[in-house]
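The values are calculated or read from the model by the stated rules, or taken from the named source; none is laboratory data. Small disclaimer: the values here were computed from a predicted structure and weren't measured. Ideal geometry is used to build each Cβ from the backbone, glycine not excepted, and the neighbour counts take in all protein chains shown. The accessibility values were calculated without ligands, DNA or RNA, using every heavy atom of the protein model including side chains. Shrake-Rupley method; radii C 1.70, N 1.55, O 1.52, S 1.80 Å.
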Amino acid sequence: LRERPYTVHIGTQLLDKVGEIGCGALSQPAKRAFLIADTGVPASARNLVADSLTEQGLATSRANVTPSEGVKTVATWQRLLTELAQSRHERSDPIIALGGGIVGDLAGFAAAAYRRGVPAIQCPTTLLAMVDASVGGKTGVNLDLAGEGLQKNMVGAFWQPAAVIADISVLSSLPARELRAGFAECLKHALIGQAVGDPGLLEWTRTNLAKSLTLNPQVLVELVGRNVKAKAGIVCQDEREEATDAEGGRALLNLGHTYAHAMETLEGLSLLGSPCSLLHGEAVGLGLIAAAACSEALGLAPAGLASDVKSMVAEAGLPTAVQGLPTNDALLGRMSHDKKARGGSPRLVLPTGDGDARVVADPPTSAVVAGWSSIRA
Ligand code: GLY
């Protein structure tokens, strides 16, 4: 980004350098740091980061967040703002977000708002946060609409970090389910490889999936690097998602997300007969299948794309169907509340099967329902 450039550091053994890298990325010297840590990150890793900040002479305060969509709220954001103020955090002092996408979004939004903006250093610790959420400056929280449930990311701000530090060593402590969930965003980028300037990404991702799942460090560094580069290319062209539907722009990165957002905060869902709530990445994997089926129904993609996408999602060990979805009417209602909706009608990003996607405003109901039918167990 021309006015707000920043470096995304990707490698191993970086957590004990967060203080040094973070201080090097600040435009003004800092006295304090505020570490917002995901309780899913091992305490040893959290301490490494805190110690690295202290070693740089920063008085470091800490807050922990146990992540869930229900915790990613205005109330938690307010708690963090209050604790920042109580710690005497000042304008040039950085907030360090150490964790998955939920913690990154919350901490980033606290950084965007506190004293009208303090530096954020994003240290993603999940694959999903490394390849997507930590880069590009989207921050925010969900909004609880009484009776209608949580509306995903309805309140937030664009706030680019001062640096992103992705230490792939930390992925070895990530539960396998969370690791697989991260692949959904990689598949999303791969499906629009042409649009993101990496046409070979789909084939490379499929070829290297098994090695990635066994945490081969070289493959993981390349996986994260290629995905970050893909996303950065789009964000640089359309940072605030202002491109027209015909241009596509950053909105293309929402592929699969309108379906995903409509289901991921629902209660009463089951996977393979076991009641459970969906992880964001699991919902995105399902959303990619549904978007492909919708695109086929509209004649925008060749027949067979949804089945191909389903195979890729299955290869990543992600669910390809879900039980307990509500009626189509209820789901359509939720989609029209999505923050990307215009005039009460959903706007869908639909893959075209040739490495690209199209933004379709107000798609016919029958095609949208074909998407839902493709993932109902
Ligand atoms: N995760 C989609 C975006 O950052 O635009």
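Across the chain, the fraction of Cα-Cα pairs farther apart than 34 Å, rounded to a whole number, is 23%.
Sorting 290-303, 324-337 by their mean Cβ neighbour count within 10 Å, with the most densely packed peptide first, gives 290-303, 324-337.
Between GLN194 and THR244, the contour length at 0.36 nm per residue exceeds the Cα-Cα span by 16.1 nm.
Take segment 123-164 with all the other protein chains still there, run a 1.4 Å probe, and you get 29 Å² of accessible area per residue.
Modelled this way, with points 7 Å down the Cα-to-C-beta line, the labels at VAL155 and LEU81 are 0.8 nm from one another.
Starting from a Cα-only point model with no solvent, please compute log10 I(q)/I(0) by Debye for segment 44-159 at q = 0.10 1/Å. Calculated log10 I(q)/I(0) at the listed q: -0.28. When peptides 280-287, 229-236 are ranked by their average number of other Cβ atoms within 10 Å per residue, the highest-first order is 280-287, 229-236.
For segment 168-277, the solvent-accessible area works out to 42 Å² per residue, with a probe of 1.4 Å and every protein chain left in place. Along the axis of the charge dipole computed for the chain (Cβ charges of +1 for Lys and Arg, -1 for Asp and Glu, origin at the Cα centre), the listed residues GLY193, LEU213, THR54 are led at the positive end by THR54.
For the set LYS188/LYS211; LYS72/LYS231; LYS72/LYS211; LYS152/LYS231; LYS31/LYS231; LYS17/LYS229, the pairs lying more than 27 angstrom apart at their alpha carbons are LYS72/LYS211; LYS31/LYS231.
Beta bridges from DSSP with both residues in the chain: antiparallel share about 40 percent, rounded to the nearest 5.
For GLN13 and LEU332 in one chain, what is 0.36 nm times their gap in residues minus the Cα-Cα distance, to one decimal in nm?
Length gained between GLN13 and LEU332: 110.3 nm.
Once the mean of 1/r is taken over each pair of separate Cα atoms and inverted, segment 178-294 shows a Kirkwood hydrodynamic radius of 15.2 Å. Using only Cα atoms, locate the centre of segment 1-77 and the centre of segment 83-123, then give the distance between them in Å, rounded to an integer. Comparing the Cα centres of segment 1-77 and segment 83-123, I get a distance of 9 Å.
Treating only the Cβ atoms of Lys and Arg (+1) and Asp and Glu (-1) as charged, compute the dipole magnitude of the chain about its Cα centre; round to the nearest 20 debye.
620
In this Cβ point-charge picture (+1 for Lys and Arg, -1 for Asp and Glu), segment 273-377 has a dipole of about 340 debye about its Cα centre. Determine which residues of segment 310-351 fall in the zone a paramagnetic label at ALA176 would reach in this model, i.e. backbone nitrogen under 12 Å from the point 7 Å along Cα→Cβ. Under 12 Å, as judged by backbone N against the label point of ALA176, lie 317-318 of segment 310-351. Once both labels are positioned 7 Å from their Cα atoms along Cα-to-Cβ, the gap between ARG4 and GLU90 label points is 2.3 nm.
What the Cα convex hull of segment 333-377 gives, in volume per residue, is 91 Å³. At an R0 of 22 angstrom, the distance between the Cβ atoms of SER373 and SER345 translates into a FRET efficiency of 0.65.
Between SER27 and ASN64, the modelled label-to-label distance comes to 3.6 nm, taking each label 7 Å out from Cα in the direction of the beta carbon.
Note on segment 199-236 and segment 289-345: Cα centroid distance 24 Å, given to the nearest whole angstrom. From helices alone, the chain scores -12500 deg cm²/dmol at 222 nm; the rule is -39500 (n - 2.57) for each run of n ≥ 4 DSSP H residues, then divide by the residue total. Give me the percent relative contact order of segment 225-377, please, defined on Cα pairs under 8 angstrom at least 6 residues apart. Answer for segment 225-377 is 27 percent. For segment 49-92, the solvent-accessible area works out to 52 Å² per residue, with a probe of 1.4 Å and every protein chain left in place. Ranked by the mean number of other Cβ atoms within 10 Å per residue, highest first, peptides 338-345, 310-317, 10-17 order as 310-317, 10-17, 338-345. For segment 123-226, a crude dipole built from +1 on the beta carbon of Lys and Arg and -1 on the beta carbon of Asp and Glu, taken about the Cα centre, is about 160 debye to the nearest 20.
Over the chain, what percent of the accessible surface lies on carbon and sulfur atoms, probe 1.4 Å? Looking at the chain in its full context, I get 50 percent from C and S.
Relative contact order of the chain: 15 percent, from C-alpha pairs under 8 Å at least 6 residues apart in sequence.
Once divided by 2.2 N^0.38 Å, the Cα radius of gyration of segment 228-374 becomes 1.00.
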